[in-house]
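A.B. asks: Dumping the structure here so I can ask a few things about it.
The values are calculated or read from the model by the stated rules, or taken from the named source; none is laboratory data. From a predicted model like this one, the values you see are computed outputs, not experimental measurements. Backbone-built Cβ (ideal geometry, glycine too); neighbour counts: all protein chains shown.
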Amino acid sequence: SAYFSPSGRYFVDTYSTIADAPKTVVRSSDGDLTAKVVEADASALYEAGWAPPERFVAKSADGKYDTYGVILKPTNFDPALSYPVIEQIYAGPQVSFAPQGFTDSLGSRAAYMQALAELGFVIVIQDGRGTPRRSRDFHMAMADEEDSFALIDHVEGVKAAAATRPYMDIDRVGITGLSFGGYASMRAILLFPDFYKAAVSIAGPQDYRTMISSISVERFFGAAPPRGSEGDVYARIDNIHLADRLEGKLLLIAGEIDQNVPFNQTVAICDALIKANKDFDLVLVPGAAHSVGYHPYAMRRVGDFFVRNLQHREPPEPFVP
């Protein structure tokens, strides 16, 4: 981050990487170093056994772009073993998701995924086409496709990472996400059932037409047209009409008082799955809002679900997230 002085002659520059702790310096507007302010000391963190995420680079499915992601491994990692893979996804058009700075590697999201890794998984977090902070062509690459948010890039990203990491078992891949990530994890297992064997969709929109606020996709596709209109994008991007494609294991998690993604979104996909005669699990947390994915009970259920369905064993007792 950079904060300029009122005159514009100087700025405070704070920078880090996923492995290097933040440093804050003052620079002149031409970039010359003026003063060192502070440097975070992460030595105790490393001495305690923490390891930063491992960065990887892949190619988008069309071969045109580099895509970026990170891998998290359990602290007792053994490269001679074979680990099932869990992807944590967001994939929304409004934010990039893969950790880029040091605090991203330590925040609640990374800590949550590290807890899953400790159960014996390799975790992948990545950004594909459709995410911002790149070119417009990158951002809008697949907007007119059934796979509007380029989830195919996530499939190819996991495969690319595993190509040089034989400990990643891509025959046992799961996916999970919260909010737009709940939408994306649901859509991923419906569009790519041969790749994703298990999914946890947490507080996920399933039909953006019926959302109170659809701003995350309205900026991408415009406002929803009347139902049944020719070329209706919102009919194409909802997960409801894909429910009959479910083949893998699915867990839906929702909060009772979620104001961002109301419970009716989960009810709608449940109704579609039941009509398609598909098996799934549902957890509704009373009193929980949109942050339901960080509720201790929900976190335990996520871990238990992936242990049972990707490792094919009973989870440890007790698992305290």
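A.B. asks: Is it the case that some residue within the stretch 9-18 is closer than 28 Å to Ser201 by Cα, touching a Ser or Thr at 6+ places or on another chain (Cβ under 6 Å) and either modelled with pLDDT under 95 or among the basic types (Lys, Arg) (or both)? First the steps, then the outcome.
C.D. replies: Narrowing the stretch 9-18 to residues closer than 28 Å to Ser201 by Cα: 18.
With the extra rule that they be touching a Ser or Thr at 6+ places or on another chain (Cβ under 6 Å), the set shrinks to 18.
Next cut, either modelled with pLDDT under 95 or among the basic types (Lys, Arg) (or both) only: 18.
So far as the stretch 9-18 goes, yes, one or more of its residues are closer than 28 Å to Ser201 by Cα, touching a Ser or Thr at 6+ places or on another chain (Cβ under 6 Å) and either modelled with pLDDT under 95 or among the basic types (Lys, Arg) (or both).
A.B. asks: Wholly within the stretch 52-96, which strands (runs of 3 or more DSSP E) include no fewer than the required count, namely at least 3 residues that are over 21 Å from Ser135 (Cβ atoms), touching a Phe, Trp or Tyr at 6+ places or on another chain (Cβ under 6 Å) and at pLDDT 95 or above? Break it down into steps so the answer makes sense when it comes.
C.D. replies: Working: elements: 54-59, 66-72, 83-88.
Per the criteria, 83-88.
A.B. asks: A follow-up question, please. Quick one: which residue in Gln114, Gln126 is part of a helix (DSSP H, G or I) and at pLDDT 90 or above?
C.D. replies: Numbers: Gln126 fails: part of a helix (DSSP H, G or I).
The match here is Gln114.
A.B. asks: For the stretch 160-191: of the residues being outside any helix (DSSP H, G or I) and under 16 Å from the mean Cα position of the chain (by Cα), which is farthest from Val283 (Cα to Cα)? Talk me through it step by step, then tell me what you get.
C.D. replies: Within the stretch 160-191, the subset outside any helix (DSSP H, G or I) is 164-179.
Subset that is under 16 Å from the mean Cα position of the chain (by Cα): 173-179.
Numbers: Val173: 22, Gly174: 18, Ile175: 17, Thr176: 14, Gly177: 15, Leu178: 14, Ser179: 15 Å.
Once the filter is applied, the top-ranked residue is Val173.
A.B. asks: Right, next: Going by the conditions given, is Ala44 out of contact with any Ser or Thr (no Cβ under 6 Å at 6 or more places or on another chain) and either surrounded by 14 or more Cβ atoms within 10 Å (Cβ to Cβ) or in the same structural domain as Arg165 (by TED's automatic domain parsing) (or both)?
C.D. replies: no
A.B. asks: Now a separate question. Which residue is modelled with the highest pLDDT, if the candidates are limited to the stretch 142-159 and must be part of a loop (DSSP other than H, G, I, E, B) and of a type in the set (A, V, I, L, M, F, W, C)? Spell out the reasoning first.
C.D. replies: Going through the stretch 142-159, the residues part of a loop (DSSP other than H, G, I, E, B) turn out to be 142-150.
Those left that are additionally of a type in the set (A, V, I, L, M, F, W, C): 142-143, 149-150.
Values: Met142: 83, Ala143: 81, Phe149: 88, Ala150: 92.
If we take residues in the stretch 142-159 being part of a loop (DSSP other than H, G, I, E, B) and of a type in the set (A, V, I, L, M, F, W, C), then Ala150 is modelled with the highest pLDDT.
A.B. asks: Kindly provide the set of residues from the stretch 237-255 that are assigned to a helix (DSSP H, G or I), farther than 16 Å from Tyr196 by Cα and out of contact with any helix residue (DSSP H, G or I) (no Cβ under 6 Å at 6 or more places or on another chain), ordered by number.
C.D. replies: Ile237, His241
A.B. asks: Pairs only if they're at least six apart or on different chains, beta carbon under 7 angstrom, first in the stretch 286-302 and without any contact (Cβ under 8 Å) to a residue 60 or more places away in the chain, second among the polar types (S, T, N, Q) and part of a helix (DSSP H, G or I); list them, first residue then second.
C.D. replies: Listed by first residue and then by second, the contacts come to nothing, as the list is empty.
Okay, residues lined up against (1) of a type in the set (A, V, I, L, M); (2) assigned to a helix (DSSP H, G or I); (3) buried (at least 18 other Cβ atoms within 10 Å of the Cβ):
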site	(1), (2), (3)
Arg227	no, no, no
Ile257	yes, no, no
Thr266	no, yes, yes
Arg301	no, yes, yes
Asn309	no, yes, yes
Glu317	no, no, no
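A.B. asks: Now a separate question. Regarding Asn260, is this residue under 20 Å from the mean Cα position of the chain (by Cα) and within 18 Å of Tyr183 (Cβ to Cβ)?
C.D. replies: yes
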